[in-house]
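The values are calculated or read from the model by the stated rules, or taken from the named source; none is laboratory data. A quick note: this is a predicted structure, and the numbers were derived from the prediction, not measured. For neighbour counting, all protein chains shown are included, and Cβ atoms are generated from backbone atoms with ideal geometry for every residue, glycine included. Accessible surface areas use protein heavy atoms only, side chains included; no ligands, DNA or RNA. Shrake-Rupley method; radii C 1.70, N 1.55, O 1.52, S 1.80 Å.
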Amino acid sequence: MVRVTTPAPLPQPDSETDVVRAVPNRRSALRAGAGLAAAGALATGCSATGATAHPASAARATGTSHATGTSRAPGIPHAPSSPVSAPAPRAFPRQPAQITHGPRTRPRIALTFHGQGDPAVAEKLLAEAETAGARVTVLAVGTWLDAHPDMARRILDGGHDLGNHTLRHLDINAMSEPDAYAEVLGCADRLRRLTGSIGTWFRPSRTARASPLVERVARRVGYPHVLSYDVDSLDFTSPGAPAVTRQVLAGVRPGSVVSLHFGYADTVAALPALLHELDRRGLRAVTTTELLS
């Protein structure tokens, strides 16, 4: 793969944890050749009122193409000569426009991560999940992809879902329609250039649920659904790894979609124990696509 030359990474406030405890692999072995939260406004990580967890880029999408067009917003890094073959969004006829959870009748759950922060921390999270045989869903911020374009392929190569979490991680529900469209399209353009697809899912930034306007914009760009969640880990408040684990386990049940974040040491430290307990309860962590299929 041809390495992409990108602007210098934006400063990130997340610190990388030096202690990540390994746990016995309690899940089934990794599949050979795998190709692949309570809803409500968050206090900071994705809330409409709190400070954003990471500095936002001043860059802004100005393109007007539809998701299937060929134009792109300024500043998008050139795609690899052979982009990863990534799945496109798909409609689930039995699901609402805004999805908060999957079927309650099957022992599966989806761990979904807001994609920002130190890529080294993201790598540790992905490695922990893969060691346990789990697959996750990553909703990437467009400016994060600008700074770390190789992460798109890393996520897909691990068999995980990759989606859109807006261009700059701002309060999208407070925006005008043109501005909201630019936020969704800007990240979609980056995903398409890096992977050949606009990503499988869209999640609005700084809110658990999209407004009707944002829902309409997402459909216009090419996303049939908005991905919300029914379990909020609150990991962005840095409460400590045991608290993150307790918070998730207190609310999770079959079909749950859990909101988590890249870029936080507590999340890395919590993941082995969380996956171990989910396994003990007979709950398998799968991608959101698999959860709903």
**OP:** Taking just the C-alpha trace of the range 192-275, give me its Rg and Dmax in Å.
**Re:** 15.1, 41
Original post:
What percentage of the solvent-accessible surface of the range 140-184, computed with a 1.4 Å probe over protein heavy atoms, is contributed by carbon and sulfur atoms?
Top reply: 51 percent
Subject >> P(r) weight above 12 Å for the range 245-293, C-alpha pairs, percent >> reply: 66 percent
Original post:
Excluding ligands, DNA and RNA, what is the solvent-accessible area per residue of the range 105-228 at a probe of 1.4 Å, expressed in Å²?
Top reply: 24 Å²
Subject >> Two-decimal log10 I(q)/I(0) for the range 142-293, as the Debye equation yields it once each C-alpha is a single scatterer, q = 0.21 Å⁻¹ >> reply: -1.41
Subject >> Inter-probe distance in nm under a simple model that places probes 7 Å from Cα toward Cβ, at A243 and E123 >> reply: 2.9 nm
Subject >> Cα→Cβ-extended label distance, 7 Å offset, between E130 and A174, nm >> reply: 3.8 nm
**OP:** At 7 Å along the Cα-to-beta-carbon direction for both R216 and A250, put a label point, then send me their distance in nm to one decimal.
**Re:** 3.9 nm
